[in-house]
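This report refers to the structure that appears directly beneath it.
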Amino acid sequence: MEVTMRIKRFNPETDKKAHFEEYKVEVEGTDRLLDVLNQIKWYIDGTLTYRRSCAHGICGSDAMRINGRNRLACKTLMQDLGKRITLEPLIGFKVEKDLLVDMEPFFAAYKSVKPYLIADDAPSSGERLQSPEERHRFDDTTKCILCAACTSSCPITWTNDEFVGPAAIVNAHRFIFDSRDQGAALRLKILNKGSGVWRCRTVFNCTDACPRDIKVTEAIEQVKRALISGEVNYTEA
Amino acid sequence: MAYHRYDAVIVGAGGAGLMAAIQLAGKANIAVVSKLYPTRSHTGAAQGGVSAALGNTEEDHWEWHMYDTVKGGDYLVDQDAAEVLTREAIDAVYELEHMGLPFNRTPDGKIDQRRFGGHTRNFGETPVRRACYAADRTGHMIIQTLYQQGIKHNVNFFDEHHLVDIIFTDDGACCGVVTYEIKTGEMHVIHAKTVLIASGGFGRVFKVTSNALAGTGDGVALAFNHGIPLMDMEMYQFHPTGIYKMGILLSEAARGEGAVVRNSEGEAFAARYAPTLKDLAPRDMMSRFIHQEIKEGRGIDGKDYVLLDFTHLPEEVIDEKLPDITDFARTYLGVEPKKEGVPIQPTAHYAMGGLPTNVEGQVIRDPQGTTVPGFYSAGESACVSVHGANRLGTNSLVDLIVFGRRAGKHMYGEIQSNDWAELPKNPMDRAREQIDTLLSRKSGESVADIRKEMQEVMMDDVSVVRTHEGLTEAHDKIRDLQQAYKNIAIMDKGHIYNMDLLEGLELGNMLECAETIVAGAIVRKESRGAHYREDFQERDDKNWLAHTMTYRESDGSLRIEKKPIVITRFEPKERKY
């Protein structure tokens, strides 16, 4: 089938502002949107710019705004998009070129929640023990691929540069509720600040945007509840 | 141009590169270069597990793991290296747990383990639970955990820097790299006492592959162009269960948990070829079984695919232990694996070959094992060789953590005892000239066309089954494409995020890899592991119990030498499962 791809373009070396360009292309319904972007780049316009790598939804490179919703281009099939498709870069980030945005603030927010195990009790031999229930407690938030689809979908992040955003909270959650970690108090303190979880207005855009089906809003709520109760439950949400 | 000086520069931020970086962090001044953001590295796509003889769910010993590795590699494995791999796997897995990796757990709280292809108890008796795992996203958890440690230890990351050259002194020591900053187009010379190439594999030389678009063999090809040999390049693994036409990997963990592969008659045919291990026969064999079934007309609907059947598995096993891969089937094929079989075909997956190294990760330049000062490699870009002619599932992740760690530790010793070697004059000239040419050439050959032709000929003639005729044809084709490549023209002439330019550079690297794969496959007149010759169907230990080392001569031709393999414990035997 023939589709019209309407792509927001911006080349910082030649353009003052962004504009849309249209490409008519022949596609199969089972093609990934990324395949179609590649087809345009390889055979029609090599200047079209976007990030990509794994092409099956695991590396997190190609999040973009697809018909108004944040999705991974490699995890979206053409048959689900209609005949006229609008592609824009993630909003809330500085556009570097076409569909490619500046990820530095996103990674800075991620780093601000100390996203690594804080623990000084590793046994001299063998593993630390953790029950399957304790392991299950934070399973959902280990799935994050740092694609920024959630953070960019959050209306709070559009107007508030301070807010760490849902992805950073998801990654804080992954450690706060890990029974092996000793840094929960430290991370909760960071997320209790003006830039932290209380900025969240429970809009659920993040949950809808997540290509890994992480219950993002629920994770944020669990962090809020831990702050209110002053307790971290390592087996039950 | 920018100039930097570090004790060590690590190219590639996947499992091997980051594992090495963590050994050096805080002790030496290091830079980690990646053309992606580190968490985008292809280690993150690994699914099923990382093996170590922990014995958490049943008796296991590293000697059994070593035997399986040697036999799985069809005895082309260097056994001293396989011993290091399997012994140190145990500590390395514990180290990952200590760093925070969220492994699945046994009821008593230990790391859980599951079955995987070719891993057996007591030297081949029956499958053993050896693969430590985190659902079916073990690689994702490894890359996340290691990157997190990198942040914790304040590692200097050069994100989105593309490797465009490796710098050697006139005496042949490695003394740095040249990178191209993708965001700005600026060139960087990173002067270093030690360089680690951990740039991964090159599955993108084939049409159907599980590999990321970034898997283009940059580090391997650039080193080769500086006279460094490549080892066992003909040994390229096809994973039996890639999603039909797309090549996306469906982990062997599926079969470890009980899924089977069925032909058009509904037969789980692996049992007919490998009565003991059945669907858990090693990957080279499973891929050939599938090829044979299709050839004999038992592909589904007469087409070139078969089905991976999960339908008899308990729903909770699918949801808890195989969530990602079953989601791939739903997303990309619209198939519900709980109800119907998933169309699969063999997919280009893993390079057993690469830059030859010793067990310290030092690159060697000849069959005698002479090391190249300052130059290291680990992970898929390297060939130690622990995988021989066919890698066992999970052993790639074991390789990354064991030899990434060893390389990092050995680099530390070299950093302490050595000073910086003097850079040659104008070290970035070669890359600068190449890039300037691409940016100024107005018209020429299409990168996409050349790449497509390369991928097609490699798939048709250099994949699961090979013949002299097909290989010769592929050789001629690749040489023609290399000629055409000299005149490529790219469309984007800008300096900011010029991904078109990078694809042009990557194609040159892929063609180098493709040429050496074909050359090795032509000279190896036997069948061993992943290298199956229809015209030489038997393994020939008399002539070919040896690695191939391929060199680029100054006149542009290739020279191939043999390197003897190391046998310590296990004499070659017929390989039956």
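Only a single item in (1) of a type in the set (Lys, Arg); (2) in contact (Cβ under 8 Å) with a residue 60 or more places away in the chain; (3) within 11 Å of chain B (Cβ to nearest Cβ) is not met by A:Arg128, and it is number (2). Of everything in the range B:95-113 that's facing chain A (nearest Cβ under 7 Å) and not charged (D, E, K, R), which residue is farthest from B:Ile22 (Cα to Cα)? This residue is B:Pro107. Would you confirm, using the coordinates I've provided, whether B:Ile496 is at pLDDT 95 or above and under 18 Å from B:Lys452 (Cβ atoms)? No.
If the condition is being part of a helix (DSSP H, G or I) and hydroxyl-bearing (Ser, Thr, Tyr), then the range B:380-408 contributes B:Ser381, B:Ser396.
One line per residue, one yes/no per condition, for (1) in contact with a strand residue (DSSP E or B) (Cβ under 6 Å, 6 or more places away or on another chain); (2) at pLDDT below 95; (3) surrounded by fewer than 21 Cβ atoms within 10 Å (Cβ to Cβ):
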site: B:Ala21; (1), (2), (3): yes, no, no
site: B:Leu24; (1), (2), (3): yes, no, no
site: B:Asn29; (1), (2), (3): yes, no, yes
site: B:Tyr37; (1), (2), (3): yes, no, no
site: B:Val50; (1), (2), (3): yes, no, no
site: B:Ala53; (1), (2), (3): no, no, no
site: B:Glu58; (1), (2), (3): no, no, yes
site: B:Thr69; (1), (2), (3): no, no, no
site: B:Tyr75; (1), (2), (3): no, no, no
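Taking the conditions (1) of a type in the set (Asp, Glu); (2) in contact with a His (Cβ under 8 Å, 6 or more places away or on another chain); (3) assigned to a loop (DSSP other than H, G, I, E, B) in turn, B:Glu515 satisfies each one other than (3). If you go through the range A:225-237 and keep only what is in a helix (DSSP H, G or I) and surrounded by fewer than 19 Cβ atoms within 10 Å (Cβ to Cβ), you end up with A:Arg225, A:Leu227, A:Ile228, A:Ser229.
Evaluate the following for B:Thr86: is it polar (S, T, N, Q), more than 14 Å from every other protein chain (Cβ to nearest Cβ) and either in contact with a helix residue (DSSP H, G or I) (Cβ under 8 Å, 6 or more places away or on another chain) or more than 24 Å from B:Lys152 (Cα to Cα) (or both)? Yes.
Considering each residue of the range A:156-165 in turn, at least one proves to be in a helix (DSSP H, G or I), among the hydrophobic types (A, V, I, L, M, F, W, C) and touching a residue at least 12 places away in the same chain (Cβ under 8 Å). Residue check: is A:His173 within 11 Å of another protein chain (Cβ to nearest Cβ) and on the phi < 0 side of the Ramachandran plot? No: the conditions fail for A:His173.
Being surrounded by 24 or more Cβ atoms within 10 Å (Cβ to Cβ) and either touching a residue at least 12 places away in the same chain (Cβ under 8 Å) or in contact with a Pro (Cβ under 9 Å, 6 or more places away or on another chain) (or both) holds for only one residue in A:Leu81, A:Leu90, A:Leu99, A:Leu77, and it is A:Leu99. If you filter the range A:141-196 down to residues that are within 29 Å of B:Thr138 (Cβ to Cβ) and aromatic (Phe, Trp, Tyr), you find that the one that is farthest from the chain's Cα centre (by Cα) is A:Phe177.
When the range B:23-69 is limited to residues that are assigned to a loop (DSSP other than H, G, I, E, B) and among the hydrophobic types (A, V, I, L, M, F, W, C), the one that is nearest to the other protein chains (Cβ to nearest Cβ) turns out to be B:Leu36.
The values are calculated or read from the model by the stated rules, or taken from the named source; none is laboratory data. Given the structure is predicted, the values throughout are model-derived calculations rather than measurements. Because the Cβ atoms are built from the backbone with ideal geometry, glycine has one as well, and the counts that use them run over all protein chains shown.
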